[in-house]
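Right, one structure below, let's go through it.
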Amino acid sequence: MINDRLNDLKLNREIFNIFARLIREKCGLFFDLSKMYFLETKLKKRMAERGITDFITYYNLLKNDYTDREFKELLNEITIHETAFFRINSHFKTFSDYVLPGLVARKNDSGSLYLSFLSAGCSTGEEAYSIALSVFEKMKEFPQKIDFSVVGIDISISAIERARNGIYSENDLNSVPENIIEKYFEKVDNGFKVKDFVKEKVVFRYANLYKKEDIELIGRFDAVFCRYVLIYFDELAKTKLLDNIYSVLNPGGMLFVAPSESYNVPENFARINYKNSIVFEKPL
């Protein structure tokens, strides 16, 4: 039986390295030897699904499939979906108190009050919806009518599908104030669903941050949230990702990264120290 044969199969360093290189080439994710057992487990799970009993056959399938269909299935297994609503609350306070008013003032001067935001590495959607809820809450303070959109991108198709559904458990909403839940979610049998008028402002798409052609197709943005994403890449890949993000930020656009990732941001971004957070700006 396939499972019996796979149970006896062990990933050695040489085979691990060829898979690690292929993954890095395709999406930039970095796997060192400490992840060997983790990767072996995920590879064997996909191999069982495909009826494949040796690593090289599976490697060749990944390498030679121009559609990347199987590679995307593997990505569903090897990517981590840890996220939360309003994760790093100080970022959202800075976004509401400083970044949004600044963007509105600048857009008002230009005669356009349409704002666009990107959640890069959006996982199951909590960050993208948190951005939208923050804008909805702040909009009432502006005399002008504001229109906006949020795009969430990820390389995990299963995460994107869950984000599009917009249904979250009570535990998922632990960090969300009760009044926000009442305004923007509705109770359903299996949890709480994001209300339609919010979902209309948020679009989720598969896109690979490592591929410039993917990023350039999704538009241009006034602010990008890319937090706890860079930690999964080596230094060269981080540089490429940040260059890709820079290319889709509008002049004066703002970048949020996790506090531990701020040292990765290159000098072509201006570093701004707000009261609660460090944010990076693409110069005008």
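Mind listing just one residue for me: the one in segment 74-98 that is modelled with pLDDT under 95 and among the acidic types (D, E) and, of those, surrounded by the fewest Cβ atoms within 10 Å (Cβ to Cβ)?
Taking the candidates together, the pick is E82.
Going through segment 108-128 one residue at a time, which ones are of a type outside the set (S, T, Y), surrounded by fewer than 24 Cβ atoms within 10 Å (Cβ to Cβ) and either without any contact (Cβ under 8 Å) to a residue 24 or more places away in the chain or closer than 23 Å to K275 by Cα (or both)?
D109, G111
Run down T79, T67 and say which single residue is under 30 Å from D8 (Cα atoms) and either free of Cβ contacts under 8 Å to residues at least 24 places away in the same chain or of a type in the set (V, I, T) (or both).
From the options T79, T67, the qualifying one is T79.
How many residues are assigned to a helix (DSSP H, G or I) and under 15 Å from the mean Cα position of the chain (by Cα) if we restrict to segment 229-242?
Number of matching residues: 6.
Does segment 110-120 contain any residue that is closer than 23 Å to P259 by Cβ and polar (S, T, N, Q)? Before the answer, list the steps.
Going residue by residue through segment 110-120, those that are closer than 23 Å to P259 by Cβ are 117-120.
Now restrict to residues that are polar (S, T, N, Q): 119.
Looking through segment 110-120, at least one residue is closer than 23 Å to P259 by Cβ and polar (S, T, N, Q).
Kindly establish whether L118 is touching a Leu at 6+ places or on another chain (Cβ under 8 Å) and within 27 Å of L242 (Cα to Cα).
Judged against the criteria, L118 is not a match.
Take T57 and decide whether it is over 28 Å from E161 (Cα atoms), polar (S, T, N, Q) and part of a helix (DSSP H, G or I).
Against the criterion (over 28 Å from E161 (Cα atoms), polar (S, T, N, Q) and part of a helix (DSSP H, G or I)), T57 qualifies.
Quick check on this structure: which one of L249, L230, L241 is in the same structural domain as C122 (by TED's automatic domain parsing) and in contact with a helix residue (DSSP H, G or I) (Cβ under 6 Å, 6 or more places away or on another chain)?
Working: L249 fails: in contact with a helix residue (DSSP H, G or I) (Cβ under 6 Å, 6 or more places away or on another chain); L241 fails: in contact with a helix residue (DSSP H, G or I) (Cβ under 6 Å, 6 or more places away or on another chain).
That would be L230, the only listed residue that is in the same structural domain as C122 (by TED's automatic domain parsing) and in contact with a helix residue (DSSP H, G or I) (Cβ under 6 Å, 6 or more places away or on another chain).
A quick yes/no check of all residues on (1) surrounded by 11 or more Cβ atoms within 10 Å (Cβ to Cβ); (2) within 24 Å of the chain's Cα centre (by Cα):
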position: N12; (1), (2): no, no
position: I18; (1), (2): yes, no
position: K26; (1), (2): yes, yes
position: D32; (1), (2): no, yes
position: F38; (1), (2): yes, yes
position: R46; (1), (2): yes, yes
position: G51; (1), (2): no, no
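Filter segment 29-61 for residues that are more than 17 Å from E14 (Cα to Cα) and among the aliphatic types (A, V, I, L, M) and give the result.
Result: L29, M47, A48, I52, L61.
Test of understanding: among A105, A48, which residue is modelled with pLDDT under 95, among the small types (G, A, S) and in the same structural domain as E161 (by TED's automatic domain parsing)?
That would be A105, the only listed residue that is modelled with pLDDT under 95, among the small types (G, A, S) and in the same structural domain as E161 (by TED's automatic domain parsing).
Identify the single condition in (1) of a type in the set (S, T, N, Q); (2) farther than 30 Å from D32 by Cα; (3) in contact with a helix residue (DSSP H, G or I) (Cβ under 8 Å, 6 or more places away or on another chain); (4) surrounded by fewer than 17 Cβ atoms within 10 Å (Cβ to Cβ) that N273 does not satisfy, given that it satisfies every other one.
(3)
Inside segment 156-169, can you point out the residues that are in contact with a strand residue (DSSP E or B) (Cβ under 7 Å, 6 or more places away or on another chain) and either more than 21 Å from D189 (Cα to Cα) or among the β-branched types (V, I, T) (or both)?
Scanning segment 156-169 gives I157, I160, I167.
For segment 192-199, state whether one or more residues are closer than 24 Å to M254 by Cα and of a type outside the set (G, A, S).
yes
The values are calculated or read from the model by the stated rules, or taken from the named source; none is laboratory data. Remember, predicted model here, so these are calculated numbers, not experimental data. Note that each Cβ is placed from the backbone with ideal geometry, even for glycine, and that neighbours are counted across all protein chains shown.
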